Amino acid sequence: MATCKNCRKSGLFTKVNGLGVCDRCNSIINIETPPHFRIYKDCCSIIETTENPETLKNRLDLLKKQLEYFHTYESKGINLLTPSPSALFQTLESERDSYYIECFEKAFKTLAVKVTELKTKSSQVNRIEKFIQLIDEYKSELIDSSSLSGMRSRAQKLFDLYSA
Ligand SMILES: [Zn+2]
């Protein structure tokens, strides 16, 4: 006798599929999952490519929300996502600082090019100053707030160079 892992329905005529769910639950999963999966994929690719820490922060939050959806099923033994949502939750936490470091690395490269294109010294200095402020603003998002100190001193050096 089969039991649906999702609604716990069981009976002589209950059939479950490869996921271990009945037809009715499977239809719900088929409707609900694709948008969550699409957002999940989008978030992953944006987290890897963005140079904007605000975008990174928003996408990390949004990704967590999608994982919560998948985790609800995981806790019932229904695996809709590989790696598992609980493994992904752990990765998100342990890699948190490196996402921010990568993001600021990219932003710093763009900044270094951008300042050479700016015409006046004050606009160059302002631009670098804003970047340093941005680092200070997002430090608190990190597990180890000193993770960005290397980046901050590089930006400070650039600032000193242009303000001299
Ligand atoms: Zn069911």
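FYI, it's all coordinate maths here, none of it is from the lab. This one's a predicted model, so the numbers in the text were calculated from it and none came from an experiment. Neighbour counts run over all protein chains shown; Cβ positions are idealised from the backbone, glycine included.
For the range 98-163, relative contact order (Cα pairs under 8 Å, six or more residues apart, normalised by length) works out to 41 percent.
Counting Lys and Arg as +1 and Asp and Glu as -1 over every other residue whose Cβ lies under 12 Å from the Cβ of Thr50, the net charge comes to -3. Magnitude of the charge dipole for the range 72-117, about its Cα centre and with charges confined to Cβ atoms of Lys, Arg (+1) and Asp, Glu (-1), is about 120 debye. Computed over neighbours whose Cβ is under 14 Å from that of Gly77, the net charge equals +2, Lys and Arg +1, Asp and Glu -1. For the chain, averaging the sequence separation of C-alpha pairs within contact (under 8 Å, six or more residues apart) and dividing by the residue count gives a relative contact order of 17 percent.
For the range 61-99 versus the range 100-164, the spacing of their alpha-carbon centroids is 32 Å. The Cβ shell under 15 Å around Val125 holds other residues with a net charge of +3, Lys and Arg each +1, Asp and Glu each -1.
Each of Thr91, Asn79, Ile135 was scored by the projection of its Cα onto the charge dipole of the chain, and the greatest displacement toward the positive side belongs to Asn79; charges sit on the C-beta of Lys, Arg, Asp and Glu. Shape analysis of the range 1-142 places it in the prolate category; the axes a ≥ b ≥ c from the Cα gyration tensor give an a/c of at least 1.5, with a/b above b/c. Charges were assigned to the Cβ only: +1 to each Lys and Arg, -1 to each Asp and Glu. The resulting dipole of the chain about its Cα centre is roughly 380 debye. For the range 106-164, the list of trypsin sites (Lys or Arg not before Pro) that fall in a loop by DSSP and count at most 13 other C-beta atoms within 10 angstrom reads Lys119.
Evaluated with a Cβ-only charge set (Lys, Arg +1; Asp, Glu -1), the range 35-99 carries a dipole of roughly 280 debye about its Cα centre, given to the nearest 20.
Using C-alpha pairs under 8 Å with a sequence gap of at least 6, the mean separation divided by the residue count of the range 2-94 gives a relative contact order of 22 percent.
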